[in-house]
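A short worksheet on the structure shown next.
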Amino acid sequence: MTTTPPAPSPVEETPTAPAPLLSADDLHITFPGRRGAPGARAVDGVDLDIAPGEIVALVGESGCGKTTLARSLLGLVAPTSGRVTFDGAPLDYSGRALKRYRKRAQLVLQDPSGSLNPRHTVYDAVAEGLRIHRYPGDERAAVSQALSRAGLRPPERFFLRYPHEMSGGQRQRVVIAGALALEPELIVADEPVASLDASVRGEILALFLRLRDELGLSALVVTHDLGLAWNIADRVAVMYLGRIVESGRVEQVLTSPRHPYTQALLSVLPEAPGEPVVLAGEPPDPSRIPGGCRFHARCQVLASGEAAAAGVADDCRTKDLPVLAGGQTAQVACHWAERTAHSGRP
Ligand SMILES: Nc1ncnc2c1ncn2[C@@H]1O[C@H](COP(=O)(O)OP(=O)(O)O)[C@@H](O)[C@H]1O
Ligand code: SF4
Ligand SMILES: [Mg+2]
């Protein structure tokens, strides 16, 4: 009688999210202060994961640390403490390793007129990265494909153009093509549409979505405009004074924001119902981060007495909040939101 070997016992499958492509783990970046002044804690404890094929929007007002965080994820700023992990391995900050990383994770900056050399043709701009990395394949084919993926078709028509001969939207597409040429797995886009007319913003954002769908690209899209996050992101992370204060699925965070800061940001969008929330107090300063909840001096919920009514006003002023975990679960760093969620209030 022939026997077949027993089938390997099935591995327990737990329904966990896919391993993140990129992770920040308790990341801190402090810029030294001048002449003994306190340093600027631009990134002050951030956990953030980006899954393969996921688009995460990082939102928050100017100066909250978005660019510093974005740059550190690409290894352009070394963390003061904490770490960045890509594809399971911590970033290696040696020049050679960073160059290798640059092939897999690319930065797209805002303001194409600033990031494109006015004396370089579109072809040269897109081929630059290929040349730096001594691309072994057919350069012309790679440039064509990148332009085409960025929506500049037929690509040959754009090869010999100069930045000043193009519209703002086309220039941003050239910048994106330059990032795509090396076929990265991750794009970090810092305010990619901030300098564009409203009419072309949607087109550029739609391009990120298409790249995600067609190439499985992951992206962190930085924006100070919460409204833009709607159209593009799977998940949104709201940053305030160096920390993520709320994160979750985009539809959840934007339709039922739990953090007073997120609520305030949403209230000033043109389509928002009700009165816009005007935040009191001074603009946030990362060299003087207040104790307790870092938002407390400006918080409308604390100012209105709602936090006191929920019994958390003292906590708001004195009790620090934990760093939110970076994964997929919806999270908020707010004493009042936690308390009211537990007591069943809105
Ligand atoms: N190289 C630097 N040296 C000192 N302070 C910096 C430097 N870069 C950024 N900062 C400070 O860090 C904070 C966060 O800046 P940034 O990351 O550019 O914020 P955002 O992109 O959200 O506007 C700001 O207060 C800024 O002044
Ligand atoms: S913890 Fe208190 S001060 Fe901070 S956002 Fe929540 S309610 Fe406002
Ligand atoms: Mg910025």
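The values are calculated or read from the model by the stated rules, or taken from the named source; none is laboratory data. These numbers were taken from a predicted model, which means no experiment stands behind them. Heads up, the Cβs are rebuilt from the backbone with ideal geometry, glycines too, and the neighbour counts pull from every protein chain shown.
Taking the criterion of being polar (S, T, N, Q) and modelled with pLDDT of 95 or more, the residues of segment 315-336 that qualify are Thr318, Gln331.
The numbered conditions (1) in a helix (DSSP H, G or I); (2) at pLDDT below 95; (3) closer than 25 Å to Arg102 by Cβ are all true for Ser195 except (1). Take the residues in segment 15-57 that are of a type in the set (Ser, Thr, Tyr) and under 20 Å from Gln331 (Cα atoms), then tell me which one is farthest from the chain's Cα centre (by Cα). Selected residue: Thr16. There is no residue in segment 92-106 that is at pLDDT below 95, closer than 28 Å to Thr68 by Cβ, among the acidic types (Asp, Glu) and part of a loop (DSSP other than H, G, I, E, B). Answer yes or no as to whether Val200 is surrounded by fewer than 23 Cβ atoms within 10 Å (Cβ to Cβ), β-branched (Val, Ile, Thr) and within 30 Å of Glu139 (Cβ to Cβ). The answer is yes for Val200. Identification of helices (runs of 4 or more DSSP H) wholly contained in segment 207-303 with 3 or more residues that are more than 15 Å from ligand 1 (Cβ to nearest atom), touching a residue at least 24 places away in the same chain (Cβ under 8 Å) and crowded, with 19+ Cβ neighbours inside 10 Å yields 250-255, 260-267. Being under 30 Å from Thr30 (Cβ atoms) and basic (Lys, Arg) narrows it down to one residue among Arg235, Arg201, Arg161, Arg140; which is it? The unique qualifying residue is Arg235. Of Arg134, Arg102, Arg96, all but one fail to be at positive phi and either loosely packed, with under 15 Cβ neighbours inside 10 Å or touching a residue at least 12 places away in the same chain (Cβ under 8 Å) (or both); the exception is Arg134. The set of residues in segment 34-56 that are at pLDDT 95 or above, away from ligand 1 (no atom under 13 Å from the Cβ) and outside any loop (DSSP other than H, G, I, E, B) comprises Gly45, Asp47, Leu48, Asp49, Ile50, Ile55, Val56.
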